[in-house]
Amino acid sequence: MKNLNKLFTANSQHTYKMRLEKKYFKFEYHDALFSGDTILKIIHFVNTIHYKYKNIRFPIFFKFGEIKIADKMSYILFECICYYLIKEYHHKVFLYINPKDTIDTSGIFSSCLKLLNNNSGKNMDKFIACFKMEIYKNHFRRIIQGSEREKTNYLGNLLQELDSFLKFFNIVEDYRDEITEVIAELVGNACEHGHTDCLLDIDIADNYSKSIENNQQKKFFYGINIVIINFSSILLGDGIKEKIENNNFKEERYISLKKAYNYHKTSFTESYSYIDFCNLSSLQDKISGRTYYSLSGGTGLTKLIRSLQEKSDMNSCYVISGNRCIRFIKELLNYNKDNWLGFNQQMDFFNSLPDKTVIVPCYIYFPGTAYNLNFIMKKEDMNNENN
């Protein structure tokens with residue numbers, strides 16, 4: 001996958017305490033949660049191997065045991081690390097993990113990681129193939145190469161594949177349309193704005209249940225879990241940053257954005273910075289960092305996410321880029337009359353700062369942009385729509 005090496009160079013520490021054991025390298029993890037912090041430790045472990053044992057290609061063994069996966073993004077990034085080790089450095093990789101089954105991370109049971117969860121070294125080629133593409137049962141995986149953007153209808157073909165996949169689970173047409181619109185915009189951004197490959201992974205977690213508070217009757221749910229990743233030296237807000245610094249604001253919408261910047265810049269701190277402002281601006285309706293875009297940029301991604309969140313019983317949606325994370329909090333995704341998103345209770349991008357819960361630091365430095373979109377919906381709502 002193009003530019004995957006940047007994940008390691010951007011988090012270049014190589015001081016992980018380890019030793020060579022019986023002609024293999026071992027990473028053993030005892031914490032109860034597999035999260036972004038775990039990914040950072042694994043990256044440092046890999047960097048240490050390739051710094052201290054540069055020309056040694058012994059097998060690598062990851063041992064986690066019974067563990068809770070924080071979110072889909074966590075195990076997809078681990079897949080990327082394993083792919084890098086096998087494909088680029090020709091290590092054999094073995095894995096022992098016993099993850100807890102939750103509706104938002106159940107996709108790990110159909111992940112290519114399952115091919116590494118044994119003592120056989122014969123599955124490395126199968127892992128590489130599965131990492132690149134798999135459409136099987138509840139799992140849809142594609143790597144869309146950056147060169148595909150030269151094809152006139154590469155997004156149209158992808159959307160047809162997605163629609164057919166989602167239909168199999170009887171997901172109603174309105175939901176399917178919104179999901180595929182979100183994916184089309186993000187994949188298009190990765191290939192055209194990031195000039196790189198895009199990893200798309202979707203899993204459908206079907207037939208989960210829980211008892212509703214004050215109600216003994218169980219309700220059934222399904223989860224739609226999506227991760228979209230591109231590795232690139234171009235970050236989410238870089239295009240907006242360039243426009244601000246070049247004073248490249250000609251259309252009225254962008255002139256208004258400059259007014260917002262003049263207000264926000266007086267309040268920049270470590271917890272809310274210039275980079276954060278540029279990231280939030282890139283998510284505004286009819287705003288794009290691409291130099292050749294004017295009012296056609298930014299086709300309402302956050303509106304689509306908000307619409308899906310309204311249908312969800314629960315959700316976990318965020319984007320990471322660089323060392324920053326933006327959380328899509330349903331209550332803070334309300335637009336004002338001019339379609340500006342304040343990311344705050346005031347619905348005001350021009351006279352109020354974003355809510356403190358929206359922007360959080362990222363455990364790792366992520367070179368590129370990655371979205372984690374998780375929607376948990378009542379099954380009866382889906383059935384009612386179908387009737």
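Projecting the Cα atoms of PHE277, ASN374, SER321 onto the charge dipole of the range 238-379, computed from C-beta unit charges around the Cα centre, puts ASN374 farthest toward the positive end. Near the amide H of CYS325, within less than 5 Å, lie the amide hydrogens of VAL360, CYS362, all on another chain or at least 5 residues away, with H placed in the peptide plane. The Cα atoms of the range 1-133 give a gyration tensor whose axes a ≥ b ≥ c have a/c under 1.5, which makes the shape rounded. Peptide packing for 325-337, 52-64 was compared via the average number of neighbouring C-beta atoms within 10 Å per residue; ordered from the highest value, the list is 325-337, 52-64.
Which residues among the range 94-134 fall inside the zone where the amide N is under 11 Å from a point 7 Å beyond the Cα of MET314, along Cα→Cβ? Flagged as within label range: 102-105. Extending 7 Å from the Cα toward the beta-carbon at both TYR263 and GLU161 defines two label points whose distance is 4.3 nm.
Ordering VAL46, VAL172 from the fewest to the most neighbouring beta carbons within 10 Å gives VAL172, VAL46. Determine the shape class of the range 91-164: with a ≥ b ≥ c the square roots of the Cα gyration tensor eigenvalues, call it rounded for a/c under 1.5, and otherwise prolate if a/b is greater than b/c, oblate otherwise. Taking the square roots of the gyration eigenvalues as a ≥ b ≥ c, the range 91-164 is oblate. Karplus-derived 3J(HN,Hα) values for the range 217-223, using 6.51 cos²θ - 1.76 cosθ + 1.60 with θ = phi - 60°, are 6, 7, 10, 9, 9, 10, x Hz; glycine and proline are entered as x. Dipole magnitude for the chain: about 1580 debye, using +1 per Lys or Arg Cβ and -1 per Asp or Glu Cβ, origin at the Cα centre. Shown is the FRET efficiency for ALA184 and TYR96, computed with R0 = 45 Å from the Cβ-Cβ distance and rounded to the nearest 0.05: 0.75.
For the residue pairs LYS23/LYS54; LYS41/LYS126; LYS241/LYS330, the C-alpha atoms sit more than 19 angstrom apart in LYS41/LYS126; LYS241/LYS330.
Spacing of the modelled spin labels on PHE109 and GLU331, each 7 Å from Cα toward Cβ, amounts to 3.3 nm.
Eigenvalues of the alpha-carbon gyration tensor of the chain, scaled by 5 and square-rooted, set the equivalent ellipsoid semi-axes at 34, 27, 20 angstrom, largest first. Within the straight-line cut-off of under 18 Å between alpha carbons, the aspartates and glutamates reachable from LYS132 are GLU79, GLU88, GLU148, GLU161, ASP197, ASP201, ASP203, sequence neighbours fewer than 8 places apart in one chain being disregarded. Ranking LEU199, ASN118, VAL182 by Cα position along the charge dipole of the chain, where only Lys, Arg, Asp and Glu carry charges on their C-beta atoms, puts ASN118 farthest toward the positive end.
Estimated at 0.36 nm per residue, the fully extended path between LYS52 and PHE220 surpasses their Cα-Cα distance by 55.4 nm. Each of LYS210, LYS23 has some number of other Cβ atoms within 10 Å of its Cβ, and from fewest to most they run LYS23, LYS210.
Spread over its residues, the convex hull of the C-alpha atoms of the range 238-379 is 117 Å³ per residue.
Taking a 30 Å limit on the Cα-Cα distance, which of the listed pairs LYS68/LYS92; LYS72/LYS303; LYS259/LYS303; LYS6/LYS379; LYS87/LYS137 fall beyond it? Table pairs above 30 Å Cα-Cα are LYS6/LYS379. Stretching ASP338 away from ASP125 to a fully extended chain increases their span by 71.5 nm, per 0.36 nm per residue minus the current alpha-carbon distance. Evaluating 6.51 cos²θ - 1.76 cosθ + 1.60 at θ = phi - 60° for every residue in the range 322-329, the Karplus couplings come out as x, 9, 10, 10, 10, 8, 8, 9 Hz, glycine and proline recorded as x.
Since every read-out is calculated from the coordinates, none of them should be taken as a lab result. All figures in this text were calculated on a predicted structure; none of them were measured in a lab. Positions of Cβ are generated from backbone atoms using ideal geometry, with glycine treated the same way; all protein chains shown enter the neighbour counts.
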